[in-house]
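Heads up: the structure comes next, in structure tokens.
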Amino acid sequence: MTDNLTAPIGVFDSGAGGISVLKRLWKLMPNENYIYFGDSANAPYGVRPVEEIRALSVAAVEKLLILGCKAIVLACNTATSAAAAELRAAHPDVPIIGLEPALKPAALSGGHPTVVVMATPLTLREEKFARLTERFLGDCTLIKLPAPELVTLVEENKMGTPELMAYLQALFAPLKGTKIDCLVLGCTHFPFAKREIKALLGADVKLFDGAVGEAKYTKVVLEERGLRAPGDNEGAIRFLSSDETKLPLLRQLFDFEL
Ligand code: DGL
């Protein structure tokens, strides 16, 4: 591992979604340098077999480490479920911070809430999710809502379009008549459709996403390991994608109001 404190933090997602995490990291630690890598050429990950997602995630993280990253933030729930354990075993000296759906704050939001978890099919069927629900959602009613096409719609920059709205309307149609208390955005692409989701579900439904928690935890880990960049000078962000046509989208989403 590099001992250069100004070395970048590597932020990885299957595509553009992890920008929702990068934004939180940047807000919290603007003096750090970052390399964001989105594997858009292979997105969506969430509909692939777990072995494939693991291999793609390992390759992406190796790439970031070769570029000299001092820590890796998995800005992807799906890659975390599929590959975090293997990545940590392969790189024991590098902090590798994973992401999971924000079930805990939803469960603690009061009463015995009905919690809808929107995520990729892989995240919802993996063992990690089963352990999380057992731990936190004992007192809640859980509704799992796989939404893989929403990943593609965000990758295609369809925010604010009738196409995105129509997809969400159809997705939520079976929940008509159910009183939803909380909605967990368990995929980093989904916060970019927050406005439309809120418009459809109404202001009473509380939305949760794991990005803020992951950014805070990354800061704690870097501090504990003595890896924070010194000084207050603003750092730099380098955007990389396996599909170079997506680079403008990455920059555009970085400026998206969340
Ligand atoms: N953004 C990813 C997540 O947080 C996955 C999207 C995909 O299926 O590629 O789960």
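The values are calculated or read from the model by the stated rules, or taken from the named source; none is laboratory data. Because the structure is a prediction, the values reported are computed rather than measured. Glycine gets a Cβ as well: all are built from the backbone with ideal geometry, and neighbour counts include every protein chain shown. The area values use the complete protein model at the heavy-atom level, side chains included, leaving out ligands, DNA and RNA. Shrake-Rupley method; radii C 1.70, N 1.55, O 1.52, S 1.80 Å.
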Zone of LYS216's modelled label, taken as backbone nitrogen in segment 92-116 under 17 Å from a point 7 Å along Cα→Cβ: 98-110
Can you tell me the length gained on complete extension of the stretch LEU28 to ILE143, counting 0.36 nm per residue apart and subtracting the Cα distance? 38.2 nm
At a temperature of 4 °C and a viscosity of 1.567 mPa s, determine how fast segment 75-127 diffuses translationally according to Stokes-Einstein, using the Kirkwood radius over alpha-carbon pairs as Rh; express D in µm²/s, rounded to the nearest whole number. 102
P(r) for segment 1-155, please, calculated from all Cα pair distances in 5 Å bins and given in %. 2, 9, 18, 20, 18, 15, 10, 5, 2, 0
Relative contact order in percent for segment 132-258 (Cα pairs under 8 Å, 6+ apart) equals 21
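Carbon and sulfur: what percent of the chain's accessible surface (1.4 Å probe)? Intermediate values should be presented prior to the final figure.
Working: 5860 of 11380 Å².
Answer for the chain: carbon and sulfur cover 51 percent of the accessible area.
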Which parts of segment 103-125 would a label at ALA85 reach, counting a residue when its backbone N lies under 16 Å from a point 7 Å out along Cα-to-Cβ? 123-125
Check LEU142: other-chain or 5+ apart residues with amide H under 5 Å from its amide H, H built from backbone geometry? VAL115
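Under the rule a/c < 1.5 gives rounded, and otherwise a/b versus b/c splits prolate from oblate, where does segment 127-186 land using the Cα gyration tensor? Don't jump to the answer; show the numbers that get you there.
On the way: a/c = 3.18, a/b = 1.66, b/c = 1.92.
Oblate, since a/c reaches 1.5 and b/c is not below a/b.
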Mean Cβ count within 10 Å, highest first, over the residues of peptides 226-236, 85-95: 85-95, 226-236
How much length, in nm to one decimal, is gained on full extension between GLU257 and GLU52, taken as 0.36 nm per residue of separation minus their Cα-Cα distance? 70.5 nm
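As a quick test, which of the pairs LYS144/LYS179; LYS158/LYS198; LYS23/LYS198; LYS128/LYS246; LYS23/LYS216 have an alpha carbon distance above 19 angstrom in this structure? Intermediate results must be reported in sequence, preceding the final value.
On the way: LYS144/LYS179 15 Å; LYS158/LYS198 16 Å; LYS23/LYS198 21 Å; LYS128/LYS246 30 Å; LYS23/LYS216 12 Å.
From the list (LYS144/LYS179; LYS158/LYS198; LYS23/LYS198; LYS128/LYS246; LYS23/LYS216), the Cα-Cα distance tops 19 Å for LYS23/LYS198; LYS128/LYS246.
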Sum of side-chain charges, ALA79 neighbourhood, beta-carbon under 12 Å (Lys, Arg +1; Asp, Glu -1): -3
Take the alpha-carbon centre of segment 104-147, take the same for segment 57-96, and report the distance between them in whole Å. 25
Of the listed peptides 189-201, 156-168, what is their order by residue-averaged count of other C-beta atoms within 10 Å, with the highest listed first? 189-201, 156-168
Under Karplus coefficients 6.51, -1.76 and 1.60, residue-wise ³J(HN,Hα) of segment 152-161 in Hz, glycine/proline x: 5, 4, 5, 4, 8, 6, 9, 4, x, 9
Taking 0.36 nm per intervening residue step and subtracting the Cα-Cα distance, what contour gain separates LEU175 from GLU223 on full extension? 13.0 nm
Please report the Cα spread of segment 145-258 along all three principal axes, rounded to whole Å, starting with the longest. 53, 34, 21
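Once every DSSP H run of n ≥ 4 in the chain is given -39500 (n - 2.57) and the sum is divided by its residues, what mean residue ellipticity at 222 nm do you get, rounded to the nearest 500 deg cm²/dmol? Mind showing how you got there, number by number?
Working: 11 runs with 110 residues, N = 258.
It lands at -12500 deg cm²/dmol.
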